[in-house]
1. In debye to the nearest 20, how big a dipole does the chain give about its Cα centre with +1 on each Lys and Arg Cβ and -1 on each Asp and Glu Cβ?
2. What's the center-to-center distance, using Cα atoms, between the range 1-18 and the range 92-136 in Å?
3. Could you calculate the contour length gain from residue 11 to residue 120, that is, 0.36 nm times the residue separation minus the distance between their Cα atoms, to one decimal place in nm?
4. For residue 46, which lysines qualify as cross-link partners when the Cα separation must be under 25 Å and same-chain residues fewer than eight apart are set aside?
5. Within the chain, what is the longest stretch that has no trypsin sites (Lys or Arg not before Pro) placed in a DSSP loop and near at most 14 other beta-carbon atoms within 10 Å?
6. Quick one: angle between helix 26-41 and the longest Cα principal axis of the chain, in degrees between 0 and 90, rounded to 10, please.
Amino acid sequence: MVRNETKVRVRYGETDRMGIVNNAVYPSYYEIGRTMMFRELGFPYKQMEEEGILIPLSDLYVKFHVPAYYDDELTIVTMLKQMPAARIRFDYEIYNNSGLLINSGYSVQAFINAETNRPVRIPDFIKQILEPYFGG
């Protein structure tokens, strides 16, 4: 399993009039966690795109547990629990300052060849980086 933790602070523009994080913001938090995981593993999105690989979203699930508020510091935990093949699934948990789980979910992305817009299997350069985490 691959696990990454990223901290973010809730910005005013992400909240409603009551100071609660808008529901539509959570997928953006997921993207922050996913992007930071890739960067930490050594293959940032920019490099993937330069290698001709895109990973568009195919599935998204978001579960709201309790609200987050303006100026809260949140911890986004991003996990890869299975070795990807043609798709990659990310699981997310978001915790507030007190360590309380406020949100969870997952996203599934497909590996796509940027030139053909056709699905491809996991690129070798990504597979080689991930294999040690999955006993490969």
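All of the numbers you see were taken from the coordinates with simple rules; none came from a lab. Computed from a predicted structure; not experimentally measured. Using ideal geometry, Cβ is built from the backbone for each residue, glycine included, and neighbour counts are taken over all protein chains shown.
1. The dipole of the chain has a size of about 220 debye.
2. Cα centres, the range 1-18 to the range 92-136: 19 Å.
3. Net length gain for the segment: 35.5 nm.
4. Here the lysines satisfying the reach criterion relative to residue 46 are 7, 81, 127.
5. That gives 18-80 as the longest site-free run.
6. Orientation of helix 26-41: about 50 degrees from the principal axis.
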